[in-house]
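**Q** Below: one structure in C-alpha cells.
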Amino acid sequence: MEEIQKSINRLQELCSIIPNHMEEISEEVFTRIPSQGKWSKKQILGHLIDSAANNHQRFVRIQYEQDPIIYYDQNEWNRVQEYNKTNSEELKLLWKLYNLHLLHIIKNIPSDKLERKGALKSGNEYSLGWYINDYVEHLEHHLHQVVSY
C-alpha cells in the first residue's frame, strides 16, 4: 500500500505541475516530428491519453472481472487519432482531466483489490497494484520527453 500511496502522490503532483509547463511549449515545437518513425511532443501526449484510456479499463475491470485481458496497439491508436491535427489546448486539458479522474479511481480502490490480476496480450498477468505503479512510471518517462521539470 505504501508503493501505491507514492504513486498517488506523484500522479497528484504531476497533474498539478505539468499543465503549466505544457503552456510554455510553442505550437511549432509541440507538433514537430523529430524524424521519421518518431512522435512529436503532441503525439507523445496523445499516447499518454491512450495509455490513460487503457489503464482506466484496467483500474476498473480488474476490480470485478476475473483476469481480464487488456491491451492495445499504441502505434495504431496514435496513427488513427491524428493527434498532430488535434486542438492543442483541448488535448492538454484532456490529459489533465483524464489523469485527475484516474487519480480519483485509484484513491478509491479498496486495498483488498490491489492483488487482483489482469493480463496483457502476451498472457503475462500482473496485479492491479503493479499496473497502478507502472502507469505512473510510464507516464513520467514520457512526460520527460514532452516538458522539462
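No value in this document is a laboratory result; all are computed from the given coordinates. Computed from a predicted model, the values in this text were never measured in an experiment. No Cβ is skipped: glycine too gets one built from the backbone with ideal geometry, and neighbour counts run over all protein chains shown.
**Q** Treating the beta-carbon of each Lys and Arg as +1 and of each Asp and Glu as -1, no other charges, what is the dipole magnitude of the chain about its Cα centre, to the nearest 20 debye?
**A** 140
**Q** If you take the charge dipole of region 2-146 about its Cα centre, with +1 on Lys and Arg Cβ and -1 on Asp and Glu Cβ, which of L102, H138, L91 is farthest toward its positive end?
**A** Value: L91.
**Q** For R10 and S111, calculate 0.36 nm times their separation in residues minus their Cα-Cα distance, and state this gained length in nm to one decimal.
**A** 34.5 nm
**Q** Separate question: For N124 and M1 in one chain, what is 0.36 nm times their gap in residues minus the Cα-Cα distance, to one decimal in nm? Each step should come with its number before you reach the end.
**A** Numbers: separation 123, 0.36 × 123 = 44.28 nm, distance 2.23 nm.
Length gained, N124 through M1: 42.0 nm.
**Q** Same structure, new question: When averaged across all projection directions, what area in nm² does the alpha-carbon convex hull of the chain cover?
**A** 8.8
**Q** What shape does region 1-45 take by its C-alpha gyration tensor, where a ≥ b ≥ c are the square roots of the eigenvalues and a/c under 1.5 counts as rounded, a/b above b/c as prolate, and the rest as oblate?
**A** Oblate.
**Q** Using a Förster distance of 22 angstrom, determine the FRET efficiency expected from the C-beta separation of E82 and S148, and round it to 0.05.
**A** 0.25
**Q** Hey, another quick one. May I have the count of lysine pairs in the chain with C-alpha atoms under 22 Å apart, counting pairs 8 or more residues apart or located on different chains?
**A** 16
**Q** Between E90 and Q74, with labels modelled 7 Å along Cα→Cβ, what's the label distance in nm to one decimal, could you check?
**A** Placing both labels 7 Å beyond Cα along the Cβ direction yields 2.5 nm.
**Q** Could you tell me how many degrees, from 0 to 90 and to the nearest 10, lie between the Cα long axis of helix 128-146 and the main elongation axis, the longest principal axis, of the Cα atoms of the chain?
**A** 10
**Q** Find the centroid of the Cα atoms in region 77-149 and in region 42-60, then give the distance between the two in whole Å.
**A** Region 77-149 and region 42-60 have Cα centres separated by 5 Å.
**Q** Label L100 and Q36 with points 7 Å out from Cα along Cα→Cβ: what is the distance between them in nm?
**A** Going from the L100 label point to the Q36 one covers 4.2 nm.
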